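What follows is a short report on a single structure.
The values are calculated or read from the model by the stated rules, or taken from the named source; none is laboratory data. Computed from a predicted structure; not experimentally measured. So basically every Cβ, Gly included, is an ideal-geometry build from the backbone, and we count neighbours across all protein chains shown.
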Amino acid sequence: MFGSSAVVPAAVGSVKIKSDKNNNQTIDISINNLAPSDKLTPPKKTYVVWMVTENNGTKNIGQLNSSSGMLSSALKANLKTVTSFKPSSFFITAEDDGNVQYPASAIVLTTAN
């Protein structure tokens, strides 16, 4: 579960993780009430989801997708992905580029360790 955010106070979200027979992790992230990233101060182009691994490595696992456009009118977004790394926590930042290797912006949402 993502904690509350000072950047986007109404945003709430959840993370579901399942291991498959090959020890890969299927990750399903759902966020509700997330303001469009271009409405933040300063405006950003996208939200990026980061995974902190058991060995404290931080990985960009993708951008949040919405049902229509950057974020739908219902302000819902999600990300589904598979990784070989075992996650210890997740956080979301608003970025100017979805392909960044290191988080450049303040954390919008985070899970507890």
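Considering (1) surrounded by 11 or more Cβ atoms within 10 Å (Cβ to Cβ); (2) within 16 Å of V108 (Cα to Cα), say which one M1 fails and leave the rest.
The failed condition is (1).
Of the residues T26, T46, T93, which single one is crowded, with 16+ Cβ neighbours inside 10 Å, at pLDDT 90 or above and either within 16 Å of G3 (Cα to Cα) or over 13 Å from the mean Cα position of the chain (by Cα) (or both)?
Exactly one of T26, T46, T93 is crowded, with 16+ Cβ neighbours inside 10 Å, at pLDDT 90 or above and either within 16 Å of G3 (Cα to Cα) or over 13 Å from the mean Cα position of the chain (by Cα) (or both), namely T93.
Free of Cβ contacts under 8 Å to residues at least 60 places away in the same chain and loosely packed, with under 15 Cβ neighbours inside 10 Å: which single residue out of K76, K86, K16 fits that description?
Going through K76, K86, K16 in turn, the sole match is K16.
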